[in-house]
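Peer 1: To start, I am sharing the structure in question, which I have written as structure tokens.
Derivation of every value follows stated rules applied to the coordinates shown; laboratory data play no part. Predicted model, so just to flag it, every value in this text is computed and none were measured. Glycine also receives a Cβ, built like all others from the backbone with ideal geometry; neighbour counts cover every protein chain displayed.
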Amino acid sequence: MKKVLYLTCIASLLTVGGCCRKPSSDGDRDSPVRRRLIYVSDMDHPTANLKYGERLLTLADAIASVDDYADTQVTTFMVHAGEDIPVYRSRYNRLVGDDDGGRLNCGENTTLYDFFRRYYRNILNLEKDGIDIVEAQLKRAKERGMESFLTFRMNDMHFTNIAYGYTLLYGDFWLQHPEYWLNENVGWNTAGAYDFAHPEVRRYRLSLMFEQLDLYGALIDGFDLDFQRFPAFFKSGEGERNAALMTELLKTLKSKIDELSTQYGKKIMLTARVPISMDFCCSEGLDVKEWVSLGLIDFLTVGHFLNEDPSMPVAEFLQDLGCHALPVYVSVDCGGYSPHRLHSYGMKRGIASHIYAQGGDGIYLFNYFLDAPVLPANETCTHYVCRGKSRELLMELGSMETLRKRNKLFALDDGSATNYYRYRSKSTLPMTVSAEVQTINLHVGDPVQDDVPEQIILFVRTDRAAAMGIRVNDVDVEPLPSVDGAGGGMDYITLYDAGIDLKQGAKVHIFSVPVSAVQQGDNSIGIRSPDGECKITRLEMAVRYGDVATHGYF
């Protein structure tokens, strides 16, 4: 039976077109309605009032965290209201930080207890004035001209580990039913994750969804299911045969949403964020093609979990999906590489350009908090490079047009985004090279032959010092002098922060690439090391259109 179900899922992957239904809420690919820049508000930040430090949360504070994203290219504001630890009054769970009249504590860790209680006190401070923070943020998003969505985490695992002592953040249903946990370790905190094979789990999650829709349905344009928080729903090897259970859950939810759409006289969208591999989705019980063929969802978001791949296989996913009528957005998290670093401005632009050039309809920003001034500075700038989250980028990332002639960094994943939970990607790095030429592809999203940059620099990081020979699209490229004359006599590695986290004995090689050698799309980079074997651990291409003051920091 399992073999039959698996083959059914694979057959679904191989079926292109025909099964695709055009969503009623979106237009053609070039329609302004279809193009979105989506921001997800993790309510952890506004509810703790991290932007304003220790002071009690006020309505002005709550809506300020919405206003930060207004009057930018952000089209869609998604509010996470919580599931097992909600920030609203739920029939099923205590408020976040509620110690149940003093019954719950964090043992001797009073600092942790006080921090969790801060959420609770802030919610109570709003409630005394009749304010619901979820309602306030949804309303404010609409007032500021954005779509308002609720986003629901299908299996949030932040607080599914008893050993952490997060007593104030454990839901009652979760605590009372360990028999409904996955009880296997396939990634961070999966042992305590919900196992959706149990009908009780599915009913419970639907109850939470229905509750949020009943409370806030009149205020929202859509309801988003986040399958990337976190991507494990069934025990190992059981995803394919349980896919119909998850599809049935979506059908039930879709019926509820359609009822509310009729009740309120407006379209309420049902959307989903899933991993960027159709094979992986299928193995985890997410039959995305079936959802699309049944018309259950209005748009998809795809992406990696947490650590970003700057060269995500967007085009490959779209081809596997085979549905050009459905808008597909791509999730961009805050950083990548190992050790984890915030994206630089140039890399964020490069990722966006890559997404649009590969056919993505827009970008879904996750963990993009603008929390200055109280939190540590969001922006760290050194010479040509700024790392962090900037409002300035929210004026650029929404389209290829506003990304034109802005400095960018195109890169490959260093291998850190390849393995999470049961996902295994096809990262080409790290790659061993020797005297024989090895070829690697780098996708460049910009039309560099039309919008001609001033300079293109290739940075190749190796695990040891070794001579390197490089060809880009069959054109030999030469090493750059170590010092940039236009950069005040400083070396390129310092100016571009290319040596960050460089391990002992490793080396960064710098090459000048003729603009005429680079094309929009895939670029073949041939690499050889006449000194013997070494490993390529990072590869980045800086496309410089001009001075960072006028064309943006890298």
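Peer 1: Quick check: pseudo-label points 7 Å beyond the Cα along Cα→Cβ at LEU50 and GLU108, how many nm apart are they?
Peer 2: 2.9 nm
Peer 1: Follow-up. Over the stretch 419-551, what relative contact order in percent results from Cα pairs under 8 Å that are six or more residues apart?
Peer 2: Worked out over the stretch 419-551, it gives 48 percent.
Peer 1: While we're looking at this one, here's another question. Tally the DSSP beta bridges in the chain and give the antiparallel ones as a percent, rounded to 5.
Peer 2: 55 percent
Peer 1: Please turn the phi angles of the stretch 433-446 into ³J(HN,Hα) values with the Karplus equation 6.51 cos²θ - 1.76 cosθ + 1.60 (θ = phi - 60°), one per residue in order, whole Hz, x for glycine and proline.
Peer 2: Working through the residues one at a time gives 10, 8, 5, 7, 5, 10, 10, 9, 9, 10, 8, 10, x, 6 Hz.
Peer 1: Here's something else I'd like to know. If I histogram all Cα-Cα distances within the stretch 489-536 using bins 10 Å wide from 0, what percent of pairs lands in each bin?
Peer 2: 17, 39, 40, 5
Peer 1: Over the chain, calculate the relative contact order: mean separation of alpha carbon pairs under 8 Å at least 6 apart, over the residue count, as a percent.
Peer 2: 15 percent
Peer 1: Okay, next question. Test of understanding: what is the full-extension gain from ALA549 to ALA244, defined as 0.36 nm times their sequence separation minus their Cα-Cα distance?
Peer 2: That works out to 104.4 nm of additional length.
Peer 1: Quick one: if you take sqrt(5λ) for each eigenvalue of the C-alpha gyration tensor of the stretch 419-551, what semi-axes come out, biggest first, whole angstrom?
Peer 2: Sorted largest first and rounded, they come to 24, 19, 16 Å.
Peer 1: Turning to a different aspect of this structure: In the stretch 264-343, what percentage of the DSSP-assigned beta bridges are antiparallel, given to the nearest 5?
Peer 2: Within the stretch 264-343, antiparallel bridges account for around 15 percent of the total.
Peer 1: Restricting to Cα atoms and excluding each atom paired with itself, what does the Kirkwood estimate give for the chain in Å?
Peer 2: 24.8 Å
Peer 1: For the stretch 2-303, just say rounded, prolate or oblate: build the C-alpha gyration tensor, square-root its eigenvalues into a ≥ b ≥ c, call rounded for a/c under 1.5, and beyond that prolate if a/b exceeds b/c, oblate if not.
Peer 2: oblate
Peer 1: Per residue Cα convex hull volume for the stretch 262-324, in cubic angstrom?
Peer 2: Taking only Cα atoms, the stretch 262-324 has a hull volume of 118 Å³ per residue.
Peer 1: Of the cross-linked pairs LYS51/LYS389; LYS51/LYS128; LYS142/LYS389, which ones have a Cα-Cα span greater than 19 Å in the structure shown?
Peer 2: Flagged as over cut-off: LYS51/LYS128; LYS142/LYS389.
Peer 1: Past 23 Å, Cα to Cα, is the threshold; run LYS266/LYS289; LYS139/LYS266; LYS251/LYS289; LYS254/LYS289; LYS503/LYS535; LYS405/LYS507 against it and keep the listed order.
Peer 2: LYS266/LYS289; LYS405/LYS507
Peer 1: If one computes the Cα centroid of the stretch 33-61 and of the stretch 299-317, what distance in Å separates the two points?
Peer 2: Each part reduced to its Cα centre gives a spacing of 25 Å.
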